[in-house]
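Read the structure below first, then the notes.
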Amino acid sequence: MLLGFNIDHIAVLREARMVNDPDVLEATLLSANFCDQITLHIREDRRHTQEFDLENLIKFCKIPINLECSSNEEMIKIALKYKPNRVTIVPEKREELTTEGGLNLENDRLKTSIKMLQNENIEVSLFINPNLKDVEMSKELGVEMIELHTGHFANLYNAFFSNISKTPYKVLDMDRKVLELSLREELARLEFCAKKGANLGLKIAAGHGLNYKNTKELLFIKEICELNIGQSIVARAVFVGLERALLEMRTLLNESGYQHR
Ligand code: PXP
């Protein structure tokens with residue numbers, strides 16, 4: 001299982017003060033020793049990573065860069081200018097705290113954006129909700145890869161295995177029996193979609209809301225070859241440092257049988 005580290009959360013800290021501290025490039029160069037790919041999301045409102053971060057990463061980072069962005073014209077232009085190894089197209093709503101759902105694949109711009117990127121030899125992945133229709137539509141759109149949105153699974157897991165429902169941060173307010181059943185169903189959906197996508201010849205990634213506990217549940221889905229994880233690693237780094245936080249996640253992922261080089 002490959003580990004993609006979402007560097008955006010380092011940029012969130014930097015942007016809080018608008019000084020170059022913590023330095024996103026320095027964090028990237030250190031992280032590159034402990035993960036397989038750096039993922040960064042340039043949002044339309046530039047609330048964390050900026051275009052210059054992408055430019056720096058492309059120039060100096062020795063491991064692949066996965067740029068997450070929306071399919072709007074400005075973002076595709078940026079992707080075409082810097083040519084990262086991969087672009088993961090994600091939906092974007094200004095008012096959301098984070099990417100709250102998968103793509104709407106019926107968006108007319110999507111097909112054009114995919115072609116433009118592929119014409120420049122950039123691998124394209126689509127961030128989708130785990131359902132059969134979206135897996136099949138992704139295949140029809142001709143992309144190489146999909147990333148299954150694990151946000152709902154993560155919310156269900158957190159609600160079931162913690163006290164979060166009793167705090168101001170509660171995300172789901174469900175009866176425990178319903179919660180348990182929903183969690184099992186969501187996990188089964190992720191497994192089904194991963195298998196279906198792999199059968200169709202797609203590479204399968206997953207991500208969003210994954211942490212040192214819930215990630216274990218995904219390791220048995222052999223078709224998932226990559227996880228993109230950010231928030232929980234940076235949160236852990238506050239206590240143990242970035243290097244150890246990444247190594248701990250790396251060790252956990254190695255339990256799936258994949259060994260880092
Ligand atoms: N994958 C995608 C497509 C995302 O948009 C994000 C959030 O930026 C992540 C993975 C990582 O999510 P988290 O920060 O919750 O680990």
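The values are calculated or read from the model by the stated rules, or taken from the named source; none is laboratory data. All of these numbers come straight from a predicted model, not from anything done at the bench. Every residue, glycine as well, gets a Cβ built from its backbone with ideal geometry; the counts of neighbours run over all protein chains shown.
May I ask you to verify whether Ala16 is assigned to a helix (DSSP H, G or I), more than 15 Å from the ligand (Cβ to nearest atom) and either at pLDDT below 95 or over 28 Å from Ser256 (Cα atoms) (or both)?
Yes.
Per-residue answers, yes or no, for (1) in contact with a Phe, Trp or Tyr (Cβ under 9 Å, 6 or more places away or on another chain); (2) within 20 Å of Ser31 (Cα to Cα); (3) among the small types (Gly, Ala, Ser):
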{"residue": "Ile204", "(1), (2), (3)": "no, no, no"}
{"residue": "Gly209", "(1), (2), (3)": "yes, yes, yes"}
{"residue": "Asn214", "(1), (2), (3)": "yes, no, no"}
{"residue": "Glu217", "(1), (2), (3)": "yes, no, no"}
{"residue": "Ile224", "(1), (2), (3)": "no, no, no"}
{"residue": "Gly230", "(1), (2), (3)": "yes, yes, yes"}
{"residue": "Gly241", "(1), (2), (3)": "no, yes, yes"}
{"residue": "Met249", "(1), (2), (3)": "yes, yes, no"}
{"residue": "Ser256", "(1), (2), (3)": "yes, no, yes"}
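Considering each of Leu2, Leu30 in turn, give the residue that is touching an Asp or Glu at 6+ places or on another chain (Cβ under 6 Å), more than 19 Å from Lys83 (Cα to Cα) and in contact (Cβ under 8 Å) with a residue 12 or more places away in the chain.
Answer to the selection: Leu2.
Which residues, counting only those in the range 44-63, are crowded, with 20+ Cβ neighbours inside 10 Å and either farther than 19 Å from Lys77 by Cα or modelled with pLDDT under 95 (or both)?
Residues satisfying the conditions are His48, Thr49.
Give me the residue from the range 64-79 that is surrounded by fewer than 16 Cβ atoms within 10 Å (Cβ to Cβ) and part of a helix (DSSP H, G or I) and, out of that set, nearest to the ligand (Cβ to nearest atom).
Ranking the candidates gives Glu74 first.
Which one of these does Thr39 not meet: (1) within 16 Å of the ligand (Cβ to nearest atom); (2) part of a helix (DSSP H, G or I)?
(2)
Applying the selection to the range 214-261, what residues are among the aliphatic types (A, V, I, L, M), in a helix (DSSP H, G or I) and away from the ligand (no atom under 14 Å from the Cβ)?
Answer for the range 214-261, where residues must be among the aliphatic types (A, V, I, L, M), in a helix (DSSP H, G or I) and away from the ligand (no atom under 14 Å from the Cβ): Val238, Val240, Leu242, Leu247.
Given the options Asp53, Asp21, name the one that is within 16 Å of the ligand (Cβ to nearest atom), farther than 21 Å from Gly101 by Cβ and either of a type outside the set (Val, Ile, Thr) or in a helix (DSSP H, G or I) (or both).
Going through Asp53, Asp21 in turn, the sole match is Asp53.
Taking the options Glu185, Glu136, name whichever one is modelled with pLDDT of 95 or more, within 23 Å of Val90 (Cα to Cα) and among the charged types (D, E, K, R).
Exactly one residue qualifies, and that residue is Glu136.
Got a sec? Which helices (runs of 4 or more DSSP H) wholly within the range 106-179 have at least 1 residues that are exposed (fewer than 15 other Cβ atoms within 10 Å of the Cβ) and touching a residue at least 60 places away in the same chain (Cβ under 8 Å)?
Hits in the range 106-179: 132-140.
Within the range 5-12, identify whether any single residue is exposed (fewer than 15 other Cβ atoms within 10 Å of the Cβ), among the small types (Gly, Ala, Ser) and in a helix (DSSP H, G or I), and answer yes or no.
no
What single numbered condition from (1) in a helix (DSSP H, G or I); (2) of a type outside the set (Lys, Arg); (3) modelled with pLDDT of 95 or more; (4) within 16 Å of the ligand (Cβ to nearest atom) fails to hold for Asn211?
Unmet condition: (1).
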